[in-house]
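> Take a look at this one; I'll ask things after.
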Amino acid sequence: MNLYEDAAGEATGIDFMSPEDRLLRPDLEACDECGRMTFWPDGHDEFGGTNSTGRCVACGYERTAEAAEKLALEAEYERYMAKD
Ligand SMILES: [Zn+2]
């Protein structure tokens, strides 16, 4: 855990959530912009991944719905290609 990630736990409220709420929210991920593990996805994409809209609590980067959809499709394509 670095300082940014510690702060992210507080900024997002993750640290204070009940275990039930935590199960419904994805974990922090690497930010598309700054690379820190401080990007918080809003939820899950249509393929069950976490390429949803969201926001980085360190740099303020916000993933738009269009960017999220592109990432989700790319991830799904990679999963598909890795099958055989
Ligand atoms: Zn960031």
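> Using the number of other C-beta atoms within 10 angstrom as an exposure proxy, rank 15, 84 with the fewest first. Let's see the in-between values first.
Values: 15 11, 84 4.
If I rank by nearby Cβ atoms, fewest first, I get 84, 15.
> I'm a student and want to see the number: the projected area of the Cα convex hull of segment 13-84, averaged over all directions, in nm².
Computed as one quarter of the Cα hull surface, the answer is 5.4 nm².
> Counting other C-beta atoms within 10 Å, which of 16, 47 has the fewest, and how do the rest follow?
Exposure proxy ranking, most exposed first: 16, 47.
> Suppose each label sits 7 Å from its Cα in the direction of the beta carbon; what would the residue 66-residue 24 distance come out to in nanometres?
3.1 nm
> Ok, one more. Relative to the present Cα-Cα distance, how much length would full extension add between residue 3 and residue 83 at 0.36 nm per residue of separation?
Here the answer is 25.0 nm.
> Shifting gears a bit: At 7 Å along the Cα-to-beta-carbon direction for both residue 34 and residue 10, put a label point, then send me their distance in nm to one decimal.
Inter-label distance under the simple model: 1.5 nm.
> If you plug each phi of segment 8-15 into the Karplus form 6.51 cos²θ - 1.76 cosθ + 1.60 with θ = phi - 60°, what whole-Hz ³J(HN,Hα) values come out, in order, with x for Gly and Pro?
Per-residue couplings from phi come out as 5, x, 7, 4, 7, x, 3, 4 Hz.
Readers should treat all values here as calculations from the given coordinates under stated rules, not as data from a laboratory. All values reported here derive from a predicted model rather than from experimental measurement. Every residue, glycine as well, gets a Cβ built from its backbone with ideal geometry; the counts of neighbours run over all protein chains shown.
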